[in-house]
Amino acid sequence: MTQRRVNSWWAQWTCVGGTCAPPASPPGSGLERALDAYTNVTAPFLRGCYVFVTVAAAAAASSLLGPVVGLLLEAAFLLVAGTYCLANFFRCREAHCIVTGVGWSALAIASLSAAVAGRDIRSTAWIAFLAIAVTGHGFEAIWKLAHGSNALRLGQIERGRAP
C-alpha cells in the first residue's frame with residue numbers, strides 16, 4: 001500500500017487509509033528506503049479503518065493466550081505499531097506519530113518487562129494504548145490549528161508563516 005495524501009482526519013481513518021501530512025521526499029538513502037518498505041508492508045494493518053480490526057484481533061488473541069504468552073503477543077503488536085509510527089514520523093512528519101511511536105514502543109517494553117516479571121498488565125496496557133492514541137491525535141489537532149499543517153516540521157514556513 002502506498003500512502004496517499006488526503007485532506008481530512010475523517011478520510012485518514014476511513015478505509016481510504018491515506019495520510020494528511022505533506023508527502024515524504026523521495027528516499028535518499030538505504031535507511032529511508034527500508035523505512036518506506038516497512039511502512040508500506042505494515043500500513044494496511046495499522047492505517048485507516050483496518051487498524052480497528054487489527055487491534056481487536058490482537059487484544060482478543062492476547063486475552064485468550066494467557067498472561068505470559070498474551071503479554072508477549074501484545075508486546076510484539078505494540079512494537080510493530082510503535083515502529084510503524086516512528087518510521088512514518090521520520091519520513092512524513094505526522095505530528096501524532098512522534099507521540100504514538102514513542103508511547104507504544106515504551107508500552108511494548110513495559111509489556112515485555114511485565115511478562116518477564118510474571119505480572120499481568122494486559123488490561124492496563126490496552127487502556128494505555130488507547131490513551132496514547134488519543135493523546136497523539138489530540139496533539140496533532142492542536143499542532144494543525146496552530147501551524148496550518150499536521151506535519152511537525154520545525155523551522156520551516158508553513159502556509160506562509162513561521163511556526
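Per-residue answers, yes or no, for (1) modelled with pLDDT of 95 or more; (2) under 14 Å from the mean Cα position of the chain (by Cα); (3) within 17 Å of residue 137 (Cα to Cα):
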{"position": "59", "(1), (2), (3)": "yes, no, no"}
{"position": "75", "(1), (2), (3)": "yes, no, no"}
{"position": "95", "(1), (2), (3)": "no, yes, yes"}
{"position": "102", "(1), (2), (3)": "yes, yes, yes"}
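In region 58-85, the residues that are hydrophobic (A, V, I, L, M, F, W, C) form Cβ pairs under 8 Å with partners that are surrounded by fewer than 23 Cβ atoms within 10 Å (Cβ to Cβ) and not in a helix (DSSP H, G or I), at six or more places apart or across chains, as follows: 68/118; 71/120; 71/121; 73/65. Note on region 40-122: enclosed helices (runs of 4 or more DSSP H) holding 3 or more residues that are open to solvent by less than 10 Å² (accessible area, probe 1.4 Å) and in contact with a Phe, Trp or Tyr (Cβ under 7 Å, 6 or more places away or on another chain) are 67-92, 95-117. Take residue 22 and decide whether it is at pLDDT below 95 and touching a Leu at 6+ places or on another chain (Cβ under 9 Å). No; evaluated as a whole, the condition is false for this residue. A Cβ distance below 7 Å, combined with a sequence gap of six or more or placement on separate chains, defines the contacts here; from region 125-147, residues that are under 20 Å from residue 75 (Cβ atoms) reach residues that are open to solvent by less than 30 Å² (accessible area, probe 1.4 Å) and of a type in the set (Asp, Glu) in the pairs 125/74.
Take residue 136 and decide whether it is touching a His at 6+ places or on another chain (Cβ under 7 Å), farther than 23 Å from residue 67 by Cβ, assigned to a helix (DSSP H, G or I) and open to solvent by less than 40 Å² (accessible area, probe 1.4 Å). When the stated conditions are applied, residue 136 passes them.
The values are calculated or read from the model by the stated rules, or taken from the named source; none is laboratory data. Since we're looking at a predicted model, the values are computed, not measured. All Cβ positions, even for glycine, are placed from backbone atoms using ideal geometry, and neighbour counts span all protein chains on display. Surface areas here come from the heavy atoms of the whole protein model, side chains and all, with no ligands, DNA or RNA. Shrake-Rupley method; radii C 1.70, N 1.55, O 1.52, S 1.80 Å.
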